[in-house]
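Undergrad: My structure is below; once you've seen it, I'll send some questions.
The values are calculated or read from the model by the stated rules, or taken from the named source; none is laboratory data. Predicted, not measured: the structure shown is a model, and the values here were computed from it. All Cβ positions, glycine included, derive from the backbone under ideal geometry; neighbour counts span all protein chains shown. Remember, those area values only see protein heavy atoms, side chains included, never the ligands or the DNA or RNA. Shrake-Rupley method; radii C 1.70, N 1.55, O 1.52, S 1.80 Å.
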Amino acid sequence: MSQSMIPAAKPIIGDEEREAVDRVLRSGMIAQGPEVATFEKEFAEILVDGQTCVAVNSGTSGLHLGLLAAGVGPGDEVIVPSFTFAATANSVALTGATPVFADIEPDFYCLDPESVRAAITPRTKAIMPVHLYGHPANMAALQKLADEHDLLLFEDAAQAHGAMLDGRRVGSFGTFAMFSLYPTKNMTSGEGGMVSCATEDIARNVRLLRNQGMERQYANEVIGFNARMTDVHAAIGRVQLTKVEGWTATRRSNADFLSAHLEGVVVPAVAPGATHVYHQYTIRVSEDRDRVVQALREEHGVGCGVYYPIPNHRLESLAHFAPDLHLPRTEEAAAQVISLPVHPSLSAEDLDRIVTSVNSVVKAGA
Ligand SMILES: *Cc1c(COP(=O)(O)O)cnc(C)c1O
């Protein structure tokens with residue numbers, strides 16, 4: 001392979017992020033402090049229509065603490081997609097509750113409300129959709145189901161900073177929502193997560209759980225974790241927050257270019273009223289997916305990924321929750337999807353090369 005590899009994802013760290021880190025390090029105040037508090041306020045204003053936000057040390061902590069804050073625990077069931085990163089179901093299992101897996105809508109890869117309805121039992125406490133790849137889940141139908149059955153609704157928005165549904169931001173639908181700030185996500189703080197909370201009660205519970213159960217020093221009210229974000233990470237996140245809308249616009253125009261020029265593959269669909277923020281640009285191929293991935297990587301230098309090759313209900317770690325479950329659309333997607341580079345650092349030549357490479361590899365296999 002003579003040409004350089006186009007990376008599947010690329011965090012963008014500029015001078016402003018470096019200067020912000022340096023400013024915090026020089027201040028000598030490094031642990032959770034004023035930068036975190038300001039980051040929470042700015043994140044709320046820019047990304048979740050002003051809901052109260054609480055910063056934590058990872059997206060996974062955000063899910064875990066959000067679930068605990070909403071009262072999820074042993075004996076409860078929470079319905080989640082199986083077609084997602086394992087952190088979604090892991091966080092449910094870590095509370096002592098049982099993750100119950102439902103199938104997806106094949107066009108948008110997010111929870112199918114009909115499959116959710118079929119999974120409801122007397123123990124169901126909540127539904128936690130994932131806005132997978134940056135496409136919003138079908139929140140109107142899920143909210144209706146939640147209302148009918150007296151269930152809570154949460155959001156795993158790890159991949160969906162800025163995504164919208166009918167003019168409303170994801171992260172403002174659920175009792176709580178979590179955004180990941182891991183380096184490959186649409187914006188980063190290094191590691192980190194942000195919990196968007198529907199009520200002050202939930203926000204207070206998340207704040208307590210993040211800091212050993214304390215709001216006031218050494219007046220511990222409940223048993224909690226150390227899941228605090230540092231001011232160093234918050235300073236990075238604050239700078240990224242000023243750039244994420246521009247990056248999203250570039251992701252969306254990169255996606256439009258790919259969809260206009262790719263041939264012989266299924267390109268991403270967008271539901272009516274939805275704004276997709278393309279954390280991933282995911283196509284489907286009907287032939288041998290692994291051959292296509294290997295050819296793209298090894299012969300064409302196109303760094304593509306498979307998210308996710310094994311559905312959660314088939315993972316060694318989680319399969320015991322659903323030993324005989326068959327989710328046909330999840331299993332088909334897991335066998336067919338390929339995510340192509342769509343990140344904002346791609347050049348016009350990179351985009352051309354991705355299109356030419358995919359079209360030739362797919363044509364050769366037809
Ligand atoms: C990344 C991710 C998480 C976990 O976030 P971390 O910040 O890595 O802990 C959870 N759910 C989904 C869907 C993710 O993509």
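Undergrad: Checking the structure you have, find out if any residue of region 97-115 is in a helix (DSSP H, G or I), within 16 Å of the ligand (Cβ to nearest atom) and open to solvent by 20 Å² or more (accessible area, probe 1.4 Å). Let's see the steps before the verdict.
TA: Step one: list which residues in region 97-115 are in a helix (DSSP H, G or I), which gives 113-115.
Next, only the ones that are within 16 Å of the ligand (Cβ to nearest atom) stay: none.
No, region 97-115 contains no residue that is in a helix (DSSP H, G or I), within 16 Å of the ligand (Cβ to nearest atom) and open to solvent by 20 Å² or more (accessible area, probe 1.4 Å).
Undergrad: Those residues that are more than 9 Å from the ligand (Cβ to nearest atom), open to solvent by less than 10 Å² (accessible area, probe 1.4 Å) and not in a loop (DSSP other than H, G, I, E, B), I need them from region 184-200; list them, please.
TA: MET194, VAL195, SER196, CYS197
Undergrad: Taking SER58 as meeting all but one of (1) surrounded by 15 or more Cβ atoms within 10 Å (Cβ to Cβ); (2) farther than 30 Å from ARG297 by Cβ, write down the number of the exception.
TA: (2)
Undergrad: Quick one: would you say GLU332 is more than 16 Å from the ligand (Cβ to nearest atom) and either open to solvent by less than 20 Å² (accessible area, probe 1.4 Å) or within 25 Å of ASN90 (Cβ to Cβ) (or both)?
TA: On the way: more than 16 Å from the ligand (Cβ to nearest atom): yes; either open to solvent by less than 20 Å² (accessible area, probe 1.4 Å) or within 25 Å of ASN90 (Cβ to Cβ) (or both): yes.
Yes; evaluated as a whole, the condition is true for this residue.
For every residue, the table says whether it meets (1) in the same structural domain as HIS279 (by TED's automatic domain parsing); (2) on the phi < 0 side of the Ramachandran plot; (3) among the basic types (Lys, Arg).
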position	(1), (2), (3)
PHE39	no, yes, no
GLU45	no, yes, no
ASP49	no, no, no
SER58	no, yes, no
LEU94	no, yes, no
ARG123	no, yes, yes
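Undergrad: Related question: Tell me which of these GLU221 doesn't satisfy, since it passes every other one: (1) assigned by TED's automatic domain parsing to the domain that holds VAL56; (2) open to solvent by less than 50 Å² (accessible area, probe 1.4 Å).
TA: (2)
Undergrad: Considering only residues that are in contact with a Lys or Arg (Cβ under 9 Å, 6 or more places away or on another chain), in a helix (DSSP H, G or I), within 22 Å of THR184 (Cβ to Cβ) and away from the ligand (no atom under 14 Å from the Cβ), which ones fall in region 43-79?
TA: Correct list: PHE43, LEU47.
Undergrad: Whether any residue in region 279-289 is open to solvent by 20 Å² or more (accessible area, probe 1.4 Å) and within 15 Å of the ligand (Cβ to nearest atom) is what I want to check.
TA: yes
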